[in-house]
Amino acid sequence: MMSPTAFPLARGRQLLASLALVAIVAHLPAADTPKSWAVATADTIMQRNAGTGRGTLGGWTYWKGYALYGFEMLWRSTGDPRYRDFMQRQVDPFIDEQGNLKGVHFGWLDNTMLGNIVVALYEQTHDERYRTAATQIRRYFDRHPRNSDGGFWHADQLPGEMWIDGVFMGQMFLIRYGQSIGDREYCYAEAARQITTFARHARKGDTGLFYHAWAENPETATVWPRRTVKWADPKTGLSPEVWSEGLGWYALVVAETLATLPADHPQRAEIVAIFRDLAAGLKRTQDPKSGCWFQVVDKGDQPGNWTDNSGSAMFTYAIRRGIDLNLLDEKEYGPVAARGYRGVVANAKINADGLVDIYSACDGVCVQASYADYVNYRQKVNAKEAVAGFLWATAIAERPALEAARKP
């Protein structure tokens, strides 16, 4: 997905971004501020995954793919080969000499996300093993179950359920596979279909925001024993709330799809409108005090709600990405992204071992049945999605400074 000239910025806009970063850093406490939060975070992830075991990134996992995408961004900004080498070391154990996947099981859209990095490694090395492995992942989509309108189920064992998380997981792979390996027409059309289909089902009125999930048949006996989707409204099939991290997945994949989708694609205008409405909704719901967004995004004034660093990092990235792609106005949205960055890094600390710890986030939240379930979900230091999202947000915010410091 990312070419060597990805994230293009005109000279004047790059200067503005650099000045914005200087202003942001000037507001941070000097004692606990690394020169680059992105570099410090990547170095932390590498230290926590330095051994032969699975470390904090796990095996073949979506969060590994999510984190390694941040490593790719950082590698392109800095030129430091450590980041590309780390990506390769994390993926190679799952691919044999012929390019066959080893110990990889599908059934969940989540398990396709790491395929994005397989394609990245093919782009960088032209090693046919990576093309072969990526093609095996691509073929999985031909048999993944769908609803009557073509929307992917989140998983084989979740009949009829579309989760916002899965729109991100599957389409992050497909758009990159289509761009760099093949089946471009199918991949782009499928990505556009999943994004727009979910939008039609899960849009929350005219807010620009989207609910966490939708079930086609919330009270139909589709499996044995009889199963009711507990989180779904029996009439609409919708989950109850707009969850921060879930909406963040959607913001990311819509931005990345628009970075790739051709200008003449028949659904591009619809997706641009979705993205701009979402950005406007995020601008309205940003907490003016912290610069972050709430766990239940549009209910910041309700009891028990709190600002979620994972979703906030995602929104910060998506808004900055939209500005860089000329989809959003710098004057209007630059301050939103800057406040988001400032808020996100305020929830990071350098611990006694010199490693980055990320606070104010949850780990592995599935679709919940009520507002109380979302806001009372247990928080965890260094929740895996929050760490990866933090890397994305800091990598894009700090990119102009990292590029300027890059050694020739």
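Read the figures in this text as sums done on the coordinates, not as results from a lab. Just so it is clear, the structure is predicted and the values come from calculations on it, not from any experiment. We place every Cβ from the backbone using ideal geometry, glycine too, and count neighbours over all the protein chains shown.
For the stretch 30-101 and the stretch 137-182, what is the separation of their Cα centres, given in Å?
Computed from Cα coordinates, the inter-centre distance equals 25 Å.
Going by average Cβ density within 10 Å per residue, which order do the peptides 283-293, 199-209, 304-314 take, highest to lowest?
Per-residue mean Cβ counts within 10 Å order the peptides as 304-314, 283-293, 199-209.
Identify the trypsin sites (Lys or Arg not before Pro) of the stretch 90-183 meeting these criteria: DSSP loop state and at most 16 other C-beta atoms within 10 Å of the C-beta.
For trypsin sites (Lys or Arg not before Pro) across the stretch 90-183 that sit outside H, G, I, E and B with at most 16 neighbouring Cβ atoms in 10 Å, the list reads LYS102, ARG143.
Sorted from fewest to most neighbouring beta carbons within 10 Å, what does the list TRP243, TRP63 look like?
TRP63, TRP243
Under 20 Å from the Cα of LYS283, which lysines turn up, not counting those fewer than eight places away in the same chain?
Within the straight-line cut-off, LYS283 pairs with LYS204, LYS299, LYS331.
HN-Hα J couplings of the stretch 381-388 from phi, Karplus 6.51/-1.76/1.60, θ = phi - 60°, integer Hz, Gly and Pro as x?
Calculated HN-Hα couplings, in order: 5, 6, 3, 4, 5, 5, 5, 5 Hz.
Quick one: putting +1 on the C-beta of Lys and Arg, -1 on the C-beta of Asp and Glu, what dipole do you get for the chain around its Cα centre, in Debye to the nearest 20?
440 debye
On a straight-distance basis, which aspartates and glutamates could pair with LYS349 in a cross-link, Cα separation under 19 angstrom, same-chain partners fewer than 8 positions away excluded?
ASP32, ASP43, ASP308, ASP357, ASP363, GLU385, GLU398
Mind checking which of LEU261, THR125, HIS201 is farthest towards the positive end of the chain's charge dipole, using Cβ charges of +1 (Lys, Arg) and -1 (Asp, Glu) about the Cα centre?
Of the options given, the answer is THR125.
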